[in-house]
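Coordinate-derived values only; no laboratory data. Not measured: the values here are computed from a predicted model. Ideal geometry is used to build each Cβ from the backbone, glycine not excepted, and the neighbour counts take in all protein chains shown.
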Amino acid sequence: QVQLVESGGGLVQAGGSLRLSCAASGSTFNIKPIGWYRQAPGNQREWVAAISGGGSTNYADSVKGRFTIPRDNAKNTVYLQMNSLKPEDTAVYYCRQMVSYTRPTILVGSWGQGTQVTISS
């Protein structure tokens, strides 16, 4: 299990971009699948995107074509590059270690503090 810390949130206008970071500790980070999740006020937490240790990716339909999830194993970091942002993307964003990048509901560890993303219209 790796320890993960999210950062990079902020206030952005609709149509803009933002890059979130998920920094990890642990020597085996490069083989761990990592996912990004988000929770908007009044809503359940939802899965957004995932990446395997080998770099394969998987996206929720709501962000496909707008978000990407690159990883830099040398920096022990997974990013969430968010483009063409919409007000409905407003949420607290979290990253988590997964058992498989294709199984968003099976997670390892616990939720961190997350990072707030607010998109103004």
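The average projected area of the chain, computed from the convex hull of its Cα atoms over all directions, is 6.6 nm².
Label-to-label distance for Ala40 and Thr105 is 2.2 nm, based on points extended 7 Å past Cα in the beta-carbon direction. Peptides 104-114, 74-84 ranked from most to least packed by the mean count of surrounding Cβ atoms within 10 Å: 74-84, 104-114.
Measuring nothing but alpha carbons in segment 1-54 and taking Rh as the Kirkwood radius, the Rg to Rh ratio lands at 1.02. The relative contact order of the chain, computed from alpha carbon pairs under 8 Å that lie at least 6 residues apart in sequence, is 35 percent.
Positive end of the dipole of the chain, charges at C-beta (+1 Lys, Arg; -1 Asp, Glu), about the Cα centre: which of Gly114, Ile34, Ala91 has its Cα farthest in that direction? Looking along the dipole axis, the top candidate is Ile34. Using R0 = 25 Å, the C-beta based FRET efficiency linking Lys86 and Thr28 works out to 0.10. Dipole magnitude for the chain: about 180 debye, using +1 per Lys or Arg Cβ and -1 per Asp or Glu Cβ, origin at the Cα centre. Straight Cα distances below 25 angstrom link Lys86 to the lysines Lys64, with same-chain residues fewer than 8 positions distant left out.
Near Thr77: Cβ cut-off under 13 Å, other residues only, Lys/Arg at +1 and Asp/Glu at -1. The net charge is +2. When only alpha carbons are used to place a centre, segment 88-108 and segment 24-72 end up 6 Å from one another. Each residue of segment 80-88 was assigned a 3J(HN,Hα) from its phi angle through the Karplus expression (A = 6.51, B = -1.76, C = 1.60, θ = phi - 60°), giving 10, 8, 10, 10, 6, 5, 10, x, 6 Hz with x at Gly and Pro.
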